[in-house]
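**Q** Sharing a structure with you now.
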Amino acid sequence: MSSVSTPPAARINGTSASRKHLFACVGLILVFLAVYFASIFSPGLLDDADSTHAEAAREMFVTGDYVTLHVNGVRYLEKPPLPYWMVATCYHIFGVNEVATRLPMLLSIFLLGLLAFSWATQAFGDRTGIYSALFTYTSAGIFLFTRVLIPDVLLSLLIAASLYFFMTALEPRRKPWRWYAGYACIALGVLTKGLIALVFPGAAAFFYLIITRDWRRWQEFRLLSGFALLLAIAAPWHILAGLRNPGGPGHRGFFWFYFVNEHFLRFLGKRYPRDYNKLPAALYWGLHLVWLFPWSFYFPAVLRTTLQDRKARRLSQKGAELGFADRTRLMCWILAGVILIFFAISTNQEYYTFPAYLPLLILLADGVVRSERTECSTKSRFGFLRTSAAILAVIGIAASITLILGLWQSRHLPFEPDIGTVLAKHDMSKDTLSTSHMLDLSYASFAALRLPAALAASVLLIAPLGSFLLRLWRRHYAATWTLGLGMAVFLVAAHIAFGRFGPYLSSRELALDIQKMARPNDRVMIYGDQAFGSSLLFYLCRPIELVDGRTTSMWFGSTFPDAPRIYLTSADLLRDWNGNRRIFLFVPEYQIDSAEALLPPDRFVVAELSGKRIYSNQP
């Protein structure tokens, strides 16, 4: 009996491809660690949402109440509990600290990239899977919107995972457990950010089934048992929260606030209290070039391949079944479209469209890979990839020159460790957009940003230009990795810069100053909205009184009759200022003039940082 052996060349090529794939996977892990691992250690927790959510998890850990969230002892009923359960679990294991606070976020980012890798590999092949994960770990928006403890990256993971499980369950010879995994992901998404975790995958699946005509297979969908599982996971917390936080005189209870106020009225722009903005349409759509930078500039390649697919389908036999690759492209377009259109109508923040990033990045990776194959087989020096790479090279050079000019203008200025003293301030009390601090950069601030600015200028000059030259030489795989690695270095520089903003964005150092001076009987207060000094709560681990601060997230909990007596008026502050107990009063910069006009002359500034002050009635 004779045997057929594998040709030596084939064995060598197979071994080389396996080694290349292994190196790429190791590279992805290193990129992820370089960009995101250091962020769990620094800077300190930021004021507003970051430390507010961390404090909710800390009070959950301390009180053992895993149903009703509390911040500063006040009911905090705006958010579902899953992210806080995860953080509180980390507190049980690692203690209450910044690292434990950020570990769930780190895990969510890693799993998001892993899902992109697995889904794109199964649909399109190894290279597209590698690119999808690389694009996920190096996109500007994913990095930017995971600097704060918000649930959107976890929500994105669960929405995409639910649709991935549903799609793969429709493939031949798939096990039924995939259906149940999809329903479970939706339920966990509802426990992460409410009903949109049901609306987005539900709407995407609906349109997908209509277009593909797979709705005819509805008997396979495990509808009854799947929805039973979904309710079994998601319903108990909602029911318990409603029972423990009923309505009464002066307030309407959990069900009205959570479902009506936080979901429907927020969508309509009528939520109370108003603490949000809506981006203008041009800015809303245009900023996605920034959030998906640098990969967003390859959208022409995606559009070209999409048009080619439509033309090919028109020429092919009608009724031909779509393969898993075509189905994945269709689902990604539908999911991204549903999310982007929904928030174009609703009130929005910059990061609300986060769940659209993954499907768009998978489409970008697929378009880039297919365009690489096309442009490798043509003799023309021009093509969509080369044109996009040329635009990115021009943008990189322009950004590099801008940074170099900023460094040059600040060359004679001394290094200022407290960057808040050299920023151009604007009134943050009237601006609720999450990226508003970018408006505060000035020439003087470059003196505090020399290292990250120099690093960013270097990589923006080298990486996009190098990627463009490699594409001219038809070394497309190396070109994509060059841009990806360059972006990773840029994000490392961004993290260093972000750390320099720590004193401005966080009140951690002021909390440590109070901790050194305060006695158990002393009182700590915040003048105005708690959000401007919320990190004091996490680091001091004690109740803080609010002077004229019954606002925004502290409003609804204050309407319950058992709310702690932490709400003071200006008259209360003046009455207590002359008492025997020592008071530490935190005042954000925009409130200093108002506070000094109110306080009596016998006041002492005992700590100050980035324009924020701590006043005391005793020296």
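The values are calculated or read from the model by the stated rules, or taken from the named source; none is laboratory data. A quick note: this is a predicted structure, and the numbers were derived from the prediction, not measured. Don't worry about glycine lacking a Cβ; one is built from the backbone with ideal geometry, like all the others, and counts go over all protein chains shown.
**Q** Determine which single condition Val492 fails, assuming it passes every other condition in (1) at pLDDT below 90; (2) under 30 Å from Ala24 (Cβ atoms).
**A** Unmet for Val492, out of (1) at pLDDT below 90; (2) under 30 Å from Ala24 (Cβ atoms): (1).
**Q** What number goes with the only condition from (1) surrounded by fewer than 18 Cβ atoms within 10 Å (Cβ to Cβ); (2) over 27 Å from the mean Cα position of the chain (by Cα) that Cys541 does not pass?
**A** (2)
**Q** Any residue in the stretch 123-131 that is of a type in the set (Ser, Thr, Tyr) and buried (at least 24 other Cβ atoms within 10 Å of the Cβ)? Lay out the reasoning, then the answer.
**A** As a first pass, look at the stretch 123-131 and keep what is of a type in the set (Ser, Thr, Tyr): 128, 131.
Applying the additional criterion that residues be buried (at least 24 other Cβ atoms within 10 Å of the Cβ) yields 128, 131.
Yes - at least one qualifying residue is present in the stretch 123-131.
**Q** Out of the residues in the stretch 460-487 that are surrounded by fewer than 22 Cβ atoms within 10 Å (Cβ to Cβ) and of a type in the set (A, V, I, L, M), which is nearest to Leu30 (Cα to Cα)?
**A** Once the filter is applied, the top-ranked residue is Leu485.
**Q** Report yes if Ser39 is of a type in the set (S, T, N, Q), at pLDDT below 95 and within 23 Å of Lys193 (Cβ to Cβ), otherwise no.
**A** Yes; evaluated as a whole, the condition is true for this residue.
**Q** Just the residues that are under 26 Å from Ala356 (Cβ atoms) and more than 31 Å from the chain's Cα centre (by Cα), please, taken from the stretch 212-259.
**A** Within the stretch 212-259, Thr212, Arg213, Asp214, Trp215, Phe221 meet the criteria.
**Q** May I pose another question? Could you tell me how many of the residues in the stretch 233-243 are within 26 Å of Ile339 (Cα to Cα) and either among the β-branched types (Val, Ile, Thr) or modelled with pLDDT under 95 (or both)?
**A** 1
**Q** Continuing with this model, one more query. Any idea which residue in the stretch 349-371 is farthest from Thr138 (Cα to Cα), counting only those that are within 21 Å of the chain's Cα centre (by Cα) and polar (S, T, N, Q)?
**A** Gln349
**Q** Can you give me the number of residues within the stretch 159-196 that are touching a His at 6+ places or on another chain (Cβ under 7 Å) and closer than 18 Å to Met86 by Cβ?
**A** 1
**Q** So which of Thr101, Thr128, Thr138, Thr168 is more than 26 Å from Gly202 (Cα to Cα) and over 17 Å from the mean Cα position of the chain (by Cα)?
**A** When all the criteria are applied, what remains is Thr128.
**Q** Let me ask something else about it. Go through (1) on the phi > 0 side of the Ramachandran plot; (2) among the small types (Gly, Ala, Ser); (3) under 22 Å from the mean Cα position of the chain (by Cα) one by one and return the number of the condition Gly499 breaks.
**A** (1)
**Q** Any residue at all in the stretch 530-538 that's without any contact (Cβ under 8 Å) to a residue 60 or more places away in the chain, small (Gly, Ala, Ser) and either in the same structural domain as Ser132 (by TED's automatic domain parsing) or in a helix (DSSP H, G or I) (or both)?
**A** So far as the stretch 530-538 goes, no, none of its residues is without any contact (Cβ under 8 Å) to a residue 60 or more places away in the chain, small (Gly, Ala, Ser) and either in the same structural domain as Ser132 (by TED's automatic domain parsing) or in a helix (DSSP H, G or I) (or both).
**Q** Take the residues in the stretch 134-146 that are among the aromatic types (Phe, Trp, Tyr) and closer than 18 Å to Leu103 by Cβ, then tell me which one is surrounded by the most Cβ atoms within 10 Å (Cβ to Cβ). Let's see the steps before the verdict.
**A** The first filter runs over the stretch 134-146 and keeps only residues among the aromatic types (Phe, Trp, Tyr), leaving 135, 137, 143, 145.
Now drop any that are not closer than 18 Å to Leu103 by Cβ, which leaves 137, 143, 145.
Numbers: Tyr137: 29, Phe143: 23, Phe145: 23.
If we take residues in the stretch 134-146 being among the aromatic types (Phe, Trp, Tyr) and closer than 18 Å to Leu103 by Cβ, then Tyr137 is surrounded by the most Cβ atoms within 10 Å (Cβ to Cβ).
**Q** What residue, of Leu407, Leu363, Leu403, Leu330, is buried (at least 16 other Cβ atoms within 10 Å of the Cβ), at pLDDT 95 or above and out of contact with any Pro (no Cβ under 9 Å at 6 or more places or on another chain)? Steps first, answer last, please.
**A** Working: Leu407 fails: at pLDDT 95 or above; Leu403 fails: at pLDDT 95 or above; Leu330 fails: at pLDDT 95 or above.
Being buried (at least 16 other Cβ atoms within 10 Å of the Cβ), at pLDDT 95 or above and out of contact with any Pro (no Cβ under 9 Å at 6 or more places or on another chain) holds for just one of Leu407, Leu363, Leu403, Leu330, which is Leu363.
**Q** For the stretch 75-108, enumerate the residues that are modelled with pLDDT of 95 or more and under 25 Å from Thr559 (Cβ atoms).
**A** Within the stretch 75-108, Pro80, Pro81, Pro83, Tyr84 qualify.
**Q** Hey, another quick one. Checking Leu149 against (1) at pLDDT 95 or above; (2) touching a helix residue (DSSP H, G or I) at 6+ places or on another chain (Cβ under 6 Å); (3) crowded, with 21+ Cβ neighbours inside 10 Å, which single condition isn't satisfied?
**A** The number of the failed condition is (1).
**Q** Restricted to the stretch 216-232, and to residues that are modelled with pLDDT of 95 or more and crowded, with 18+ Cβ neighbours inside 10 Å, which residue is farthest from Val190 (Cα to Cα)?
**A** Applying the filter and picking the extreme gives Leu229.
**Q** Here is a follow-up. Can you tell me which of (1) part of a helix (DSSP H, G or I); (2) free of Cβ contacts under 8 Å to residues at least 12 places away in the same chain is the one Arg173 doesn't meet?
**A** (1)
**Q** Can you pull out the helices (runs of 4 or more DSSP H) entirely within the stretch 539-619 that have at least 3 residues that are out of contact with any helix residue (DSSP H, G or I) (no Cβ under 6 Å at 6 or more places or on another chain) and outside the structural domain of Gln515 (by TED's automatic domain parsing)?
**A** It comes to none.
Here's the yes/no breakdown for (1) closer than 30 Å to Phe501 by Cα; (2) among the aliphatic types (A, V, I, L, M):
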site	(1), (2)
Asp126	no, no
Ala133	yes, yes
Gly141	yes, no
Leu154	yes, yes
Leu163	no, yes
Arg173	no, no
Ala187	no, yes
Thr192	yes, no
